[in-house]
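Novice: Quick one: the structure is below, and I'll ask about it shortly.
The values are calculated or read from the model by the stated rules, or taken from the named source; none is laboratory data. Since we're looking at a predicted model, the values are computed, not measured. Every residue, glycine among them, receives a Cβ derived from its backbone with ideal geometry; neighbour counts consider all protein chains shown.
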Amino acid sequence: MSYLLLLGMSDCKFSKFSKFRLLQLRLLQRYLTAIAFTSSLLVMSLANHPAIAQTTAYCQQSEAVRQEKEDLLQKALQGDTEAQNRYKQLINRQAQQLAECRDRTPPQHKAIWLRLYPCDAQPGVLDKIMDRIVNQGYNYVYIETFADGQVLLPASANPTAWPAMVRTPGTENTDLLAEAIQKAHERGMKIYAWMFMMNFGYSYGQRSDRQSVLARNFKGDTSLNVVDNASQVFIDPYNVQAKRDYYQLVQQVVRRRPDGVLFDYVRYPRGLGGASVVSKVQDLWIYSEAARQALEQRALNNKGRELIKRYVAKGALSASDVDEVDKLYPDEGEPLWQGRTPPTQEEKKVLPSAGARRPLLQLELWRLSVAHALQGILDFVALAASPVQQQGIQTGLVFFPDGNQVVGEGYDSRLQPWDRFPTSAEWHPMSYAACGNAECIATLVQRVFKYAPPEAKVIPAIAGVWGQSISNRPSLESQMNAILRAAPQVKGISHFAFSWQEPEIENLRKSCSWK
């Protein structure tokens, strides 16, 4: 059952779980299935003696080869023609050796997450970055392409709703993403464009003409009011303007022909403290105009529509509400909405009292509201993936393995329905547990496989550095070994991030000081 993971519970705990809560989950899934069936997507409308490179464990290059390549690059940048030719021959040969090594060395798909900076446009910097990455045996690079309200497109060719990341005078035509893709391909690596999805960034949230696009709760708050990172501005996935803006953005990125597009922040914001759990309708991010209207349209008769309006507006349903709605529409039987199966009394046209019916109606409206919020994410995923898939490019979805669990009487506020993600996309669970050893990390991966369909391609993301522990996490080697023992079917793993592995170089790159 797909929504068992929404509970975030162990097998032991499940054996003690009440029949009522199990029924609750089944009913929630029924609501989500019904809503998914009736949802409409905007997609439908809208060298002389060249060194022989030697690899070590994990397909990493030997220190001797690394140094020779670095020396050749420096000479090549100074105009040495012979060094330029030898350097090109070396990286071509290493590309072939990398492919052969990765084919026989698990994981076959080994990726690293990378953020680029304006200074990386300087001559030779991208070459040095890609050389360091390939030296570590990576054959995939996930480049941050849309994040924190900026996009990695040339300022002179950026028709999107966001500013270009590189906008220093004189760099208007610099296309770092396209250049990075070329440099990676020369070295036998593939590039995924890593893009935030429902987090549109601070700059977007400051636009006066986009205020209606932002997700809001019952109080009218946006995510800026509830998260500790002011760069996070989440949008209403039902808003047409949000869909148009993001669709155009993805189209522009796809024109650079990355090998894949990786969508992150496929969720709602996670609040602080008690706000990290949603336990009532007022906590849900469904109070912007578009989301509310879409929810009301899930009604199948007038009674259903009126009760949805009242429930969302008040946060609860009273017996008086039920009674008044009965009187407003006396010719209708039970209130109806997508996913609701009315009681058998409907067939007899005999309705119990309003007070007797109120608790079940309110519970079912809560389930409908949660399913509505979840379906907004799934529809937005389909919309975003459409221009990517049309070009035959791979998509991927990033998620937290515990992002859709039940917490007490409510749900994790991120409401991340990853067990319903399409299997046409790669699944990238962020397995960032920090318990001092690798077992808790491997457990997260096992949990994903337990509930993922057999055809899902799961590529765990882990955080750390080579050869040592950091932030209460063991080395990358230890983490990978634990994952491959626990889940031998894993064919790909990614490492967060280049900045963790090369912190000094990261700082130098920011200030254009890496020589």
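Novice: For the stretch 284-302, enumerate the residues that are surrounded by fewer than 21 Cβ atoms within 10 Å (Cβ to Cβ) and either not in a loop (DSSP other than H, G, I, E, B) or not assigned by TED's automatic domain parsing to the domain that holds Val213 (or both).
Specialist: Result: Glu289, Arg292, Gln293, Glu296, Ala299, Asn302.
Novice: Now a separate question. I need the full set of residues from the stretch 362-401 which are within 15 Å of the chain's Cα centre (by Cα) and among the small types (Gly, Ala, Ser), in order please.
Specialist: Once the filter is applied, which keeps residues that are within 15 Å of the chain's Cα centre (by Cα) and among the small types (Gly, Ala, Ser), the stretch 362-401 yields Gly376, Ala382, Ala384, Ala385, Gly396.
Novice: Being within 28 Å of Tyr265 (Cβ to Cβ) and either under 20 Å from the mean Cα position of the chain (by Cα) or not in a helix (DSSP H, G or I) (or both), is that true of even one residue in the stretch 341-361?
Specialist: no
Novice: Being closer than 30 Å to Val233 by Cβ and among the aromatic types (Phe, Trp, Tyr) is true for just one of Tyr87, Tyr140. Which residue is that?
Specialist: Tyr140
Novice: Given the conditions (1) assigned to a loop (DSSP other than H, G, I, E, B); (2) surrounded by fewer than 16 Cβ atoms within 10 Å (Cβ to Cβ), report the number of the one that Thr174 does not fulfil.
Specialist: (2)
Novice: Would you check if there is a residue in the stretch 186-193 being assigned to a loop (DSSP other than H, G, I, E, B), at pLDDT 95 or above, among the aliphatic types (A, V, I, L, M) and over 21 Å from the mean Cα position of the chain (by Cα)?
Specialist: Checking the stretch 186-193: at least one residue is assigned to a loop (DSSP other than H, G, I, E, B), at pLDDT 95 or above, among the aliphatic types (A, V, I, L, M) and over 21 Å from the mean Cα position of the chain (by Cα).
Novice: In contact with a Leu (Cβ under 8 Å, 6 or more places away or on another chain), at negative phi, modelled with pLDDT of 95 or more and not assigned by TED's automatic domain parsing to the domain that holds Gln241: is that true of Leu153 in this structure?
Specialist: When the stated conditions are applied, Leu153 passes them.
Novice: Quick one: would you say Leu262 is surrounded by fewer than 16 Cβ atoms within 10 Å (Cβ to Cβ), under 27 Å from Val381 (Cβ atoms) and of a type outside the set (Ser, Thr, Tyr)?
Specialist: So Leu262 does not fit the description; no.
Novice: Provide a single number: the residues in the stretch 194-210 that are assigned to a helix (DSSP H, G or I) and farther than 25 Å from Leu378 by Cβ.
Specialist: Total meeting the criteria: 4.
Novice: Please go through the stretch 358-383 and pick out each residue that is buried (at least 24 other Cβ atoms within 10 Å of the Cβ), within 16 Å of Lys243 (Cβ to Cβ) and not aromatic (Phe, Trp, Tyr).
Specialist: Once the filter is applied, which keeps residues that are buried (at least 24 other Cβ atoms within 10 Å of the Cβ), within 16 Å of Lys243 (Cβ to Cβ) and not aromatic (Phe, Trp, Tyr), the stretch 358-383 yields Gln375, Gly376.
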